[in-house]
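Enquirer: Questions regarding the structure given below will be posed in turn.
The values are calculated or read from the model by the stated rules, or taken from the named source; none is laboratory data. Given the structure is predicted, the values throughout are model-derived calculations rather than measurements. All Cβ positions, glycine included, derive from the backbone under ideal geometry; neighbour counts span all protein chains shown.
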Amino acid sequence: MEPRIQYATTDDGVNIAFWAIGEGMPFVHMPWFRSSHIQREWQIPEYRRWYDSLAKELCLVRYDGRGIGMSDRNVEEYSLDALVADLEAVVDRLQLKTVALFGVLHMGPVAIAYAARHPERVSHLILWCTYARSGDYARSSQVQATRGFMDKDWELYTQTLAHVRLGWSEGPSAQQFAALIRESITPQALQALIEAYEDLDVSALLPKVKAPTLVLHRAGLEWLRLDVAKELAARIPGASLTLLDGASGAPFLGDSASVLRAIDRFLGLETDARLAQPERVAGTLVTILFTDIVGSTALTRRLGDEGARAVLREHERIVRGALAAHGGSEVKATGDGFMASFGSARQALECAIAVQKSFAERDAARGPANGVPLQVRIGLNAGEPVAENGDLFGTAVNVAARIADQAQGGEILASNVVRELTAGKGFGFSDRGEQVLRGFEDPMHIYAVTWRGGDG
């Protein structure tokens, strides 16, 4: 169910759209600046998984800034004071005494200004891949390269900007992000925002921030230097810097689990509570899922080691995102696939379907002439495996792996045990008959899971 969108009104009469979900410490997730659309984002799996993960432990508040997304579009004032007023209106509307602020990217200066002006209302400040002086960002060669054609080709500009922000390996996500920018803001409003940020500098406010502060920065970020993050941490009293792997400016892409862990620890939440999965023990019924990329060896021959690795990272991102969204535990990565376990057969099937749909959407977005298609086969079985040192062993595991071997690219095959466990849950199956799996003498009944219109 999508969150209920509400509105807060600023002192200068601008209506600011926001939603709030979850329970716990109030955690205000500030806008993404150019690509903020709180209704549209909820329909994008990567965003939704990110928000769902945060809301498991927190009262998560998200709002669109003025001129963007669901907030009033016909706005002329984009000064620092005006952007702080947007945040003030939302916090006041919700009657929040104190909040943890998550200042992302270009909204970092706004978060810093709010924290300095309202020290009594900010319990924690988290700054993600951001800066105090706009010049530290604007001088980036990548940023300068994109500015030249913003007025000439809006679509090309948004596509390039999306790749710069998310990373050049994030094909489908970058295309989706570019479309979100175009839906969130007009070229005229973006130009007004950029002009308002031209000489923005809140560095004088850094020593005035009283809240405990965590600066998060990704080591591979090309458009914002690491020393900018180091300066933030050095000039805010008591602040700490955590350097994370990756090159994407989006915390929900790449190793998002590390981002969540850093946030949890800083906020004093139970470490890894939102990510932890119970240890499977002997005698516990577990559903086991295997994924395997079709033609991974040929993919390496075609693209080379680096090119193939970039494509494999997409597979890892999609599968890990689906596991997080559907309660799965990653048992191990096999290089070109994953082994995962679930306490629920229903969740395992939902995860498998989500994975295949994500790969189908990825390939459809790229088209036949762009990129490399990724086809994945998936096999599922349920049983009582032996758990040892974080791994699972036994017949139930071996059967799941052999079932995956039988699948074609884009297929999900399941044992009869899985089909029976999910009877009446709304899943569709087509009978593949009895098959003798490699390493087993007795035939086993196999079913294909229906996940798209032409299946069955």
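Enquirer: What's the number of the only condition in (1) in a helix (DSSP H, G or I); (2) in contact with a Lys or Arg (Cβ under 6 Å, 6 or more places away or on another chain) that A8 fails to meet?
Expert: Among (1) in a helix (DSSP H, G or I); (2) in contact with a Lys or Arg (Cβ under 6 Å, 6 or more places away or on another chain), the lone unmet condition for A8 is (1).
Enquirer: Looking only at strands (runs of 3 or more DSSP E) that lie completely in the range 371-411, which have at least 3 residues being modelled with pLDDT of 90 or more, touching a Ser or Thr at 6+ places or on another chain (Cβ under 9 Å) and in the same structural domain as Q356 (by TED's automatic domain parsing)?
Expert: Working: elements: 376-383, 386-388, 391-393.
Per the criteria, 376-383.
Enquirer: Consider only pairs whose beta carbons are under 6 Å apart and that are at least six residues apart or on different chains; among these, list those whose first residue lies in the range 339-365 and is modelled with pLDDT under 90 and whose second residue is in a helix (DSSP H, G or I) and polar (S, T, N, Q).
Expert: Going by the 6 Å Cβ cut-off, the qualifying pairs are A365/Q175.
Enquirer: Right, something else. In the range 94-124, how many residues are touching a strand residue (DSSP E or B) at 6+ places or on another chain (Cβ under 8 Å), crowded, with 20+ Cβ neighbours inside 10 Å and over 19 Å from D227 (Cα atoms)?
Expert: The qualifying residues number 10.
Enquirer: Can you give me the number of residues within the range 155-175 that are modelled with pLDDT of 75 or more and under 23 Å from G254 (Cα atoms)?
Expert: Taking the range 155-175 first, the residues modelled with pLDDT of 75 or more are 155-160.
From what's left, under 23 Å from G254 (Cα atoms): 158-160.
Summing the residues that are modelled with pLDDT of 75 or more and under 23 Å from G254 (Cα atoms) in the range 155-175 gives 3.
Enquirer: Which of the residues belonging to the range 86-107 are under 19 Å from A233 (Cα atoms) and touching a helix residue (DSSP H, G or I) at 6+ places or on another chain (Cβ under 8 Å)?
Expert: Once the filter is applied, which keeps residues that are under 19 Å from A233 (Cα atoms) and touching a helix residue (DSSP H, G or I) at 6+ places or on another chain (Cβ under 8 Å), the range 86-107 yields A100, L101, F102, G103, L105, H106, M107.
Enquirer: Now for a separate question. Out of the range 119-154, which residues are at pLDDT 75 or above and either in a helix (DSSP H, G or I) or among the β-branched types (V, I, T) (or both)?
Expert: Correct list: P119, E120, R121, V122, I126, T130, S134, G135, D136, W154.
One line per residue, one yes/no per condition, for (1) surrounded by 19 or more Cβ atoms within 10 Å (Cβ to Cβ); (2) aromatic (F, W, Y); (3) outside the structural domain of S358 (by TED's automatic domain parsing); (4) modelled with pLDDT of 95 or more:
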position	(1), (2), (3), (4)
I185	yes, no, yes, no
P212	yes, no, yes, yes
V215	yes, no, yes, yes
P251	yes, no, yes, no
D255	no, no, yes, no
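Enquirer: Separate question: Considering only the range 49-69, I want to know if a residue exists there that is among the hydrophobic types (A, V, I, L, M, F, W, C), farther than 30 Å from I318 by Cβ and surrounded by fewer than 21 Cβ atoms within 10 Å (Cβ to Cβ).
Expert: The answer is no; no qualifying residue exists.
Enquirer: Working only within the range 404-441, note down all residues that are in contact (Cβ under 8 Å) with a residue 60 or more places away in the chain, more than 18 Å from Q356 (Cα to Cα) and surrounded by fewer than 17 Cβ atoms within 10 Å (Cβ to Cβ).
Expert: Within the range 404-441, K425 is the sole residue that qualifies.
Enquirer: Next up: Taking the range 12-47 as the region of interest, how many residues are in a strand (DSSP E or B) and hydrophobic (A, V, I, L, M, F, W, C)?
Expert: 9
Enquirer: Kindly provide the set of residues from the range 396-432 that are over 22 Å from A360 (Cβ atoms) and in contact with a strand residue (DSSP E or B) (Cβ under 7 Å, 6 or more places away or on another chain), ordered by number.
Expert: Passing the criteria: A396, V397, V399, A400, A401, S415, N416, V417, R419, L421, D431.
Enquirer: Let me ask you something else. Looking at the range 286-310 only, could you name the residues that are among the basic types (K, R) and over 23 Å from the mean Cα position of the chain (by Cα)?
Expert: R301, R302
Enquirer: Hey, another quick one. Need pairs with beta-carbon distance below 6 Å; first residue of a type in the set (D, E, K, R) and within the range 289-306, second at pLDDT 80 or above and assigned to a strand (DSSP E or B); sequence gap 6+ or separate chains.
Expert: D292/G337; D292/R377
Enquirer: Now for a different question. Give S35, S79 a once-over and let me know the one that is among the polar types (S, T, N, Q), closer than 21 Å to T130 by Cα and surrounded by fewer than 22 Cβ atoms within 10 Å (Cβ to Cβ). If you could, list the steps in order and put the result at the bottom.
Expert: Numbers: S35 fails: surrounded by fewer than 22 Cβ atoms within 10 Å (Cβ to Cβ).
Of S35, S79, the one residue that is among the polar types (S, T, N, Q), closer than 21 Å to T130 by Cα and surrounded by fewer than 22 Cβ atoms within 10 Å (Cβ to Cβ) is S79.
Enquirer: Can you say whether G424 is touching a Lys or Arg at 6+ places or on another chain (Cβ under 9 Å) and in a loop (DSSP other than H, G, I, E, B), as far as the supplied structure shows?
Expert: Considered against the rule, which asks whether it is touching a Lys or Arg at 6+ places or on another chain (Cβ under 9 Å) and in a loop (DSSP other than H, G, I, E, B), G424 comes out as no.
Enquirer: Give all pairs with beta carbons closer than 7 Å in which a residue from the range 33-59 that is of a type in the set (F, W, Y) meets a residue that is part of a helix (DSSP H, G or I) and surrounded by fewer than 20 Cβ atoms within 10 Å (Cβ to Cβ); count only pairs at least 6 apart in sequence or on separate chains.
Expert: W42/R48
Enquirer: With (1) part of a helix (DSSP H, G or I); (2) over 23 Å from A250 (Cα atoms); (3) at pLDDT 85 or above; (4) of a type outside the set (V, I, T) as the list, and L289 as the residue in question, which single condition is left unmet?
Expert: (1) is the only condition that L289 fails.
Enquirer: What residue, of A178, A189, A196, A204, is at pLDDT 85 or above, part of a helix (DSSP H, G or I), touching an Asp or Glu at 6+ places or on another chain (Cβ under 9 Å) and not hydroxyl-bearing (S, T, Y)?
Expert: Among A178, A189, A196, A204, only A196 is at pLDDT 85 or above, part of a helix (DSSP H, G or I), touching an Asp or Glu at 6+ places or on another chain (Cβ under 9 Å) and not hydroxyl-bearing (S, T, Y).
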